[in-house]
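The values are calculated or read from the model by the stated rules, or taken from the named source; none is laboratory data. Quantities reported herein were computed from a predicted structural model and do not represent experimental measurements. Cβ placement follows ideal geometry from the backbone for every residue including glycine, while neighbour counts extend to all protein chains displayed. Just the protein is used for accessible areas: all its heavy atoms, side chains included, with ligands, DNA and RNA removed. Shrake-Rupley method; radii C 1.70, N 1.55, O 1.52, S 1.80 Å.
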Amino acid sequence: QIPVIAHLAAVASIVHRAGWDETTVAAAYLHDAIEDMNEHGQRLRRKQLRDAVGAEVARLVAQVSEQKLDDEGEMRPWRDRKEDYLESIHTGSPQAAAISLADKIHNLWSITQSLEAGEDILDTLSGDAEAQRWFHRAVLEASTHYDDPRLDPMRDRLQTELDRFEAVVDRESDG
């Protein structure tokens, strides 16, 4: 299990090294802030985030955040959440696409590292191997209409991680 702060730092580092501005890097550090609960079961509200870090950072964080709960406060189905997320990336901004790509690069790297270490990480995730494959491919696709050259190496890196993940999953299913 990778500490949350390590994941946030890795995502922000990928965004920074790709040449994005301070606002985008700040949003990368905070990309899970309104999506995930803290250890006390609390969620940060968008207004609280906006008041703390400004409208532009909060807007980018919102563009890369899943709507996990429905109007009744119940967890929404995994596929519905992912499809809405992909639509947000597709219709958002190049900056949001950069944060999403960096997040998925690190997530998929972490998943593959766990699989290579013999950990059954896919049992703890909401989506099985095929669902993870579909989702990461779809993130790549959602980012392709942005022509910002800073995204190209990020897409290449995610494709590399996807190839690595698929090789490990295929090896495990053959063995």
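Data table
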{"quantity": "Solvent-accessible area, 1.4 Å probe, carbon plus sulfur percent, for the range 17-72", "calculated": "45 percent"}
{"quantity": "For the range 62-175: accessible area per residue (Å², 1.4 Å)", "calculated": "50 Å²"}
{"quantity": "Stokes-Einstein D in µm²/s, Kirkwood radius over Cα pairs - the range 85-175 at 25 °C with 0.890 mPa s viscosity", "calculated": "182 µm²/s"}
{"quantity": "Normalised alpha carbon radius of gyration of the chain [divisor 2.2 N^0.38 Å]", "calculated": "1.02"}
{"quantity": "Nearest-ten-degree value, helix 94-116 long axis tilted from longest Cα axis of the chain", "calculated": "30 degrees"}
{"quantity": "Ranked packing of 154-166, 94-106, most packed first, by mean Cβ within 10 Å", "calculated": "94-106, 154-166"}
{"quantity": "Principal axis dimensions, the range 1-67 - Cα atoms, whole angstrom, descending", "calculated": "34, 32, 19"}
{"quantity": "Protection-proxy order for peptides 145-151, 130-136, each taking the mean of Cβ atoms within 10 Å per residue, highest first", "calculated": "130-136, 145-151"}
